[in-house]
1. Accessible area per residue, 1.4 Å probe, Å², for segment 124-208: what's the number?
2. Would you mind checking Lys68/Lys193; Lys193/Lys241; Lys72/Lys205; Lys72/Lys203; Lys72/Lys228 for any pair whose Cα atoms are more than 25 angstrom apart?
3. Carbon and sulfur atoms: what percent of the 1.4 Å accessible area of segment 214-265 do they account for?
4. Note down the nm distance, to one decimal, between modelled labels 7 Å out along Cα→Cβ at His247 and at Asp4.
5. With Cβ to Cβ distances under 11 Å as the rule, what net charge do the other residues near Arg77 carry (K, R +1; D, E -1)?
6. Amide H neighbours of Trp187 under 5 Å, counting only residues 5+ apart in sequence or on other chains, H built in-plane at 1.01 Å?
7. Summing +1 for each Lys or Arg and -1 for each Asp or Glu, what net charge is found among the other residues whose Cβ lies under 15 Å from the Cβ of Trp192?
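The values are calculated or read from the model by the stated rules, or taken from the named source; none is laboratory data. This is a predicted model, so every value here is computed, not measured. All Cβ positions, even for glycine, are placed from backbone atoms using ideal geometry, and neighbour counts span all protein chains on display. The protein model used for the area step is the full one, side chains on, heavy atoms only, and it has no ligands, DNA or RNA in it. Shrake-Rupley method; radii C 1.70, N 1.55, O 1.52, S 1.80 Å.
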Amino acid sequence: MEIDTKTGDLVMKDITAEYQPECLQVVTASIDGSVMFWDMRPPPPKPGAKKLPDPSLPSHLQLNLTWKPFIKVNLPRSEHPGDFAATRVSVREQLKLPLYREPSPQTLRKKRLSVAESQENKGNTTFYVGTEDGEVVFATWSFVRDAESGRMMAQRPRFSFNYHCGPVTYMERSPFFSDIILSIGGWSFAIWKEGSDVDAIMKSKSFPIQLTGGAWSPTRPGVFYVIKANGNIDVWDLMEKTHEPSHSQNISSVSLTSITPVAFSYKHHLMAVGDQIGTLHVLEVPWPMRHPSSNE
């Protein structure tokens, strides 16, 4: 996904599983209540500039002392003074990656964006934010003209839910459904449908052990992983049950801090998990957790 630095509109590109353009923009969220969009390409020189950046330098070095965001969105609260303290941000991307790192013709997801999905993403300027206080916020980076000053102003967040009793530590979209978002924070998790201002489509109970992160399965749409402060990994298989994890395994005596599942090939699935004392655990994902059912 790329955003026009002047208009803020999405720049649609022909993306396939074989062709992924170089990523040149990043999005950051900060507890000062701002979400910023940055471009890693050097800006064009200003007319009459005395000193021009050396074109032989790498792009990031040409940005030294000149880099600034091309879009800044503030997140003011509507009911109380102050801003939402953002810790995580999730933007709908245009990527369509292969199912496995070593794909075969039978194991690619969609090689090309469908026409319908391209049109759906074309005007989508919304994003989700998770906050330090456990809120999930739905906002947009599109600007509107202020009636009094005539200036283009960022819009206020459209709605928010105060659900997690602790900082949001994970917020990512499903690799299969780009409008489905999983948020994890405090002692609970929730699954959201983008744009729905009613409530989460699935909410967990409050667990006795704090949840520290998670990840979607890269090969099964109905499976995601949750890591916990007691060193456990919970596997949630929504095709099997939704009130409790399908499997739980302890791999450390201290809190887990990060998890990344990777599907290298049809028979080679690994999971990297980090813990609080800096130990990296590499696990093999068993067959039932990586092979989707026929109707999944």
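1. Numbers: 3910 Å² over 85 residues.
Dividing the accessible area of segment 124-208 by its residue count gives 46 Å².
2. Among Lys68/Lys193; Lys193/Lys241; Lys72/Lys205; Lys72/Lys203; Lys72/Lys228, the Cα-Cα distance tops 25 Å for Lys68/Lys193; Lys72/Lys205; Lys72/Lys203; Lys72/Lys228.
3. Numbers: 910 of 1900 Å².
Here carbon and sulfur together make up 48 percent of the probe-accessible area.
4. Here the answer is 4.9 nm between the modelled labels.
5. Values: positive: Arg156; negative: Glu79, Asp83, Asp133, Glu135.
Summing Lys and Arg as +1 and Asp and Glu as -1 gives -3.
6. Cys165, Leu211
7. Numbers: positive: Arg88, Arg92, Arg158, Arg173, Lys193, Lys203; negative: Glu135, Glu172, Asp179, Glu194, Asp197, Asp199.
For residues surrounding Trp192, the net value is 0.
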